[in-house]
1. With bins 10 Å wide starting at 0, give me the P(r) of segment 62-117 over every alpha carbon pair, in whole percents.
2. For the full complex of protein chains and a 1.4 angstrom probe, list Phe31, Phe83, Phe55 by accessible area with the highest value first.
3. Show the residues, 5+ positions off or on another chain, whose built amide H is closer than 5 Å to the amide H of Val109.
4. Provide, for q = 0.09, 0.16, 0.18 Å⁻¹, the log10 of I(q)/I(0) from a solvent-free Debye sum over equal Cα point scatterers in segment 40-157.
5. Please report, to two decimal places, log10 I(q)/I(0) for segment 154-200 at q = 0.28 Å⁻¹ as given by the Debye formula with identical point scatterers on the Cα atoms and no solvent.
6. Averaged over every viewing direction, what's the projected area of the C-alpha convex hull for segment 124-183? Give it in nm², one decimal, please.
7. Using the Karplus equation 6.51 cos²θ - 1.76 cosθ + 1.60 (θ = phi - 60°), what ³J(HN,Hα) coupling, rounded to whole Hz, does each residue of segment 139-145 give in order, writing x for Gly and Pro?
8. Taking a quarter of the surface of the convex hull around the Cα atoms of segment 94-159, what do you get in nm²?
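The values are calculated or read from the model by the stated rules, or taken from the named source; none is laboratory data. Predicted model only: the values in this text are computed from it and were never measured. Positions of Cβ are backbone-derived with ideal geometry, glycine not excepted, and every protein chain shown enters the neighbour counts. For accessibility, only protein heavy atoms count, side chains too; no ligands or nucleic acids. Shrake-Rupley method; radii C 1.70, N 1.55, O 1.52, S 1.80 Å.
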Amino acid sequence: MAPTTVTAENQQKGQFVPNEHNVLQKHVLFFDRNKDGIVYPWETFQGFRAIGCGFLLSTASAIFINLGLSRKTRPGKFPSLLFPIEIKNIHRGKHGSDSGAYDTEGRFVHEKFEEIFRKHAKSNPNALTSMELKAMLKANREPKNYAGWLASFTEWKVLYMLCKDKDGLLQKDTVRAVYDGSVFEHLEKEKESAKKKTVV
């Protein structure tokens, strides 16, 4: 899957253009449905629906994500009841007990990404089973970092549910595409294609 790209044309239209080196911004950009650099709860909801999540999961994700990240990504600003997330500051919302594949500035850390599979992919070097995923989440836990545990568990479980292959494996290429956000575009296109086939 090709990385998400933002063209100069988009920049001229006033759309948000992520920092070239900040892969975490590209990861989140899919959920910014109007590309203005801010993600509101209804956009988070729309994004989750677009990739194939059900109504309840999309609703819960919108509440959980925007409540958790809005204040962190808007330093010095008065809290907003609309709970917007500012993509330019998304690195401030990075939680603990994660894989470390994003650094504190939101840049992709290739060595940490490779470490996921080197340490935990036992049955297939380029994929994770459900049990291996569970073992990875447990190994990444930081003491008493309960919010980080919950965030990591939710992120990876949703990813596994949506992206596992027919053999129940989460492929390395798929996980890599999650980090730059391109997997979300792929899932949206798959869902749209399936809709068209149903209509025909």
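1. All Cα pairs, binned at 10 Å, distribute as 24, 43, 26, 7, 0 percent.
2. Phe55, Phe83, Phe31
3. Those qualifying (amide H under 5 Å, at least 5 residues apart or on another chain) are Tyr102, Asp103.
4. For the requested q values the scattering log ratios are -0.29, -0.90, -1.08.
5. Values, matching the q order: -1.05.
6. Mean projected area for segment 124-183: 4.3 nm², to one decimal.
7. 5, 7, 5, 9, x, 6, 8
8. Values: hull surface 17.6 nm².
Taking the Cα atoms of segment 94-159, their convex hull projects to 4.4 nm² on average.
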